[in-house]
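Undergrad: Can you read through this structure? Questions will come right after.
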Amino acid sequence: MRPIMERLLRWVNELRAASRAPRVGLVLLLIALAVTGLTLGLALRSPRVALRASAGDGLGRRHEILQVLATFASERGIDLDLVTTTGSSASLAMVGDRRLDVALVQGGLPALPEVREVAPLELEPL
């Protein structure tokens, strides 16, 4: 046990002597700043999120709206994978089966228990 304590004390004394030298202190400070900056950068980085989304037929107005939303979402760290379906009913069914995360659908369709309406986008003529 005694040799370990002697080695530890010798190492501490060497560290104290080295820390008194200005260059060593500067290097240690720069290393500490680099590690702190890297840690903060990694901690504050926003993770990207990927969602599968549909707006029915690829030729419809809702699909155009979803394309614009995908552009804005991408700038904020959300990647939308656009999927075309045969229509709003198919999109709702895919959300219910968890094959899609989000769907823009027409109003007035029968509600599915596992699907929640978040917000209406616009009024549609009957």
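Undergrad: With the structure loaded, tell me whether Arg52 is at pLDDT 90 or above, part of a strand (DSSP E or B), touching a helix residue (DSSP H, G or I) at 6+ places or on another chain (Cβ under 9 Å) and open to solvent by 80 Å² or more (accessible area, probe 1.4 Å) or whether it fails that test.
TA: Answer is yes for this residue.
Undergrad: I want to confirm something. Restricting to the range 85-112 and keeping residues that are of a type outside the set (A, V, I, L, M, F, W, C) and touching a helix residue (DSSP H, G or I) at 6+ places or on another chain (Cβ under 7 Å), which single residue is modelled with the lowest pLDDT?
TA: Going through the range 85-112, the residues of a type outside the set (A, V, I, L, M, F, W, C) turn out to be 85-89, 91, 96-99, 101, 106-108, 110.
Those left that are additionally touching a helix residue (DSSP H, G or I) at 6+ places or on another chain (Cβ under 7 Å): 85, 106.
Values: Thr85: 91, Gln106: 84.
So, considering only residues that are of a type outside the set (A, V, I, L, M, F, W, C) and touching a helix residue (DSSP H, G or I) at 6+ places or on another chain (Cβ under 7 Å), the one modelled with the lowest pLDDT is Gln106.
Undergrad: A further question on this structure: Between residues in the range 59-86 that are open to solvent by less than 50 Å² (accessible area, probe 1.4 Å) and residues that are basic (Lys, Arg), which pairs lie under 8 Å by C-beta distance while being six or more apart or on different chains?
TA: Gly77/Arg48; Leu80/Arg52; Val83/Arg52
The values are calculated or read from the model by the stated rules, or taken from the named source; none is laboratory data. As the structure is a prediction and not an experimental result, all values here were calculated from the model. Glycine also receives a Cβ, built like all others from the backbone with ideal geometry; neighbour counts cover every protein chain displayed. Ligands, DNA and RNA are excluded from the accessible area calculation, which covers all protein heavy atoms including side chains. Shrake-Rupley method; radii C 1.70, N 1.55, O 1.52, S 1.80 Å.
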